[in-house]
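**Student:** Can you read through this structure? Questions will come right after.
The values are calculated or read from the model by the stated rules, or taken from the named source; none is laboratory data. Note that the coordinates shown come from a computational prediction; the quantities given were computed from them, not determined experimentally. Backbone-built Cβ (ideal geometry, glycine too); neighbour counts: all protein chains shown. Note: areas computed on protein heavy atoms with side chains; ligands, DNA, RNA excluded. Shrake-Rupley method; radii C 1.70, N 1.55, O 1.52, S 1.80 Å.
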Amino acid sequence: IVGVVVLIALASSVVIIGAGQTGVVHLFGKVRDGEIRRGIHLVNPLARVEKMSIRTEEFSMTKAREGGAGDSLTVLTKEGLDVSLDLTVLHRLQEEKASDIFREVGLQYRDRIVRPIIRSAIRSTIAEFEAKDIYSAKRGEVSLKLRELIVRDLEPRGITLEEVLIRDVSLPERLTESIQSKLTAEQEAQRYEFTLQTAKKEAERKRIEAEGQRDAQRIITSSLTSEYLHFKYIESLKDRPGTIYVPTNPANGLPLFQNIGR
């Protein structure tokens with residue numbers, strides 16, 4: 001009988017902590033400060049060991065689908081409009097804080113800590129932005145701000161935030177159509193501005209080209225004297241076969257013949 005009791009005591013004293021887990025030991029309501037890490041451990045057979053996951057876990061807030069109960073949060077934007085968010089928060093329990101969380105909160109820390117902190121951060125963040133910003137251009141900024149608030153409140157409690165993913169933003173149908181129309185109008189305005197700038201640059205190029213041609217013609221015109229034109233005409237005759245050049249007297253235009261008869 002003693003042997004059987006000893007074997008049972010030894011068996012109940014052996015605790016195996018698997019990968020991705022940590023163990024919290026408590027006896028008669030008193031929680032031991034240190035956690036037991038993965039591997040095989042011998043503990044007091046009267047003590048209990050709570051195994052808590054330290055892997056990355058997902059907490060999602062999703063709208064109701066197919067008749068199920070949803071957990072998405074409807075909050076007010078800066079201008080007082082209702083928006084609903086679908087998001088996922090990736091987090092993990094800090095192993096060195098597991099005993100503190102178990103002592104202060106228990107195993108339901110996700111419902112008692114993670115969920116309230118996330119919902120409070122969402123309300124505070126969305127209240128700083130307008131609906132069109134959340135729906136379009138500033139979604140990344142919203143995620144960053146939301147992450148900062150969640151980290152500020154979760155980290156001291158022993159929970160590490162890894163990522164905040166905003167999957168969907170639901171606005172009232174009329175507001176969605178209005179925002180889409182406004183975004184389309186802004187894109188058209190930007191396209192028109194680009195076209196206008198291109199036309200202005202092309203007009204400037206043509207103006208500069210015309211000024212250059214005008215200046216060139218002005219220079220050429222100022223240099224085209226009758227003597228210069230006469231010279232260019234005479235110069236062109238040298239390439240014509242059979243052409244004889246006879247100089248003339250500038251005073252009367254008669255041909256000049258020198259040394260005739262010599």
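**Student:** Run down T62, T88, T56 and say which single residue is within 29 Å of D111 (Cβ to Cβ), modelled with pLDDT of 80 or more, within 40 Å of the chain's Cα centre (by Cα) and surrounded by 14 or more Cβ atoms within 10 Å (Cβ to Cβ).
**Tutor:** On the way: T62 fails: modelled with pLDDT of 80 or more; T56 fails: surrounded by 14 or more Cβ atoms within 10 Å (Cβ to Cβ).
The unique qualifying residue is T88.
**Student:** Residues of region 113-136 being in a loop (DSSP other than H, G, I, E, B) and open to solvent by 60 Å² or more (accessible area, probe 1.4 Å), which ones?
**Tutor:** Hits for region 113-136 are E128, E130.
**Student:** Any residue at all in region 98-107 that's of a type outside the set (A, V, I, L, M, F, W, C), modelled with pLDDT of 85 or more and open to solvent by 60 Å² or more (accessible area, probe 1.4 Å)? Break it down into steps so the answer makes sense when it comes.
**Tutor:** Filtering region 98-107 for residues of a type outside the set (A, V, I, L, M, F, W, C) gives 99-100, 103-104, 106.
Next cut, modelled with pLDDT of 85 or more only: 99-100, 103-104, 106.
If we keep only those that are open to solvent by 60 Å² or more (accessible area, probe 1.4 Å) as well, we get 103-104.
Yes, because at least one residue in region 98-107 is of a type outside the set (A, V, I, L, M, F, W, C), modelled with pLDDT of 85 or more and open to solvent by 60 Å² or more (accessible area, probe 1.4 Å).
**Student:** Any idea how many residues of region 158-168 are surrounded by fewer than 17 Cβ atoms within 10 Å (Cβ to Cβ) and within 17 Å of R92 (Cβ to Cβ)?
**Tutor:** The qualifying residues number 4.
**Student:** Continuing with this model, one more query. I'm trying to understand the selection: among the residues of region 36-52, which are open to solvent by 40 Å² or more (accessible area, probe 1.4 Å) and either under 30 Å from E163 (Cα atoms) or at pLDDT 80 or above (or both)?
**Tutor:** Result: R37, R38, I40, R48, K51.
**Student:** What pairs come up if the first residue lies in region 100-112 and is free of Cβ contacts under 8 Å to residues at least 60 places away in the same chain and part of a loop (DSSP other than H, G, I, E, B), the second is surrounded by 14 or more Cβ atoms within 10 Å (Cβ to Cβ) and of a type in the set (D, E, K, R), and their beta carbons are under 6 Å apart, counting only those six or more places apart or on different chains?
**Tutor:** V105/R112
**Student:** When you look at R139, is it open to solvent by 20 Å² or more (accessible area, probe 1.4 Å), out of contact with any Ser or Thr (no Cβ under 8 Å at 6 or more places or on another chain), at pLDDT below 85 and of a type in the set (K, R), yes or no?
**Tutor:** Working: open to solvent by 20 Å² or more (accessible area, probe 1.4 Å): yes; out of contact with any Ser or Thr (no Cβ under 8 Å at 6 or more places or on another chain): yes; at pLDDT below 85: yes; of a type in the set (K, R): yes.
Considered against the rule, which asks whether it is open to solvent by 20 Å² or more (accessible area, probe 1.4 Å), out of contact with any Ser or Thr (no Cβ under 8 Å at 6 or more places or on another chain), at pLDDT below 85 and of a type in the set (K, R), R139 comes out as yes.
**Student:** Please give the number of the condition F194 fails out of (1) modelled with pLDDT under 80; (2) under 30 Å from E58 (Cβ atoms).
**Tutor:** Failing condition for F194: (2).
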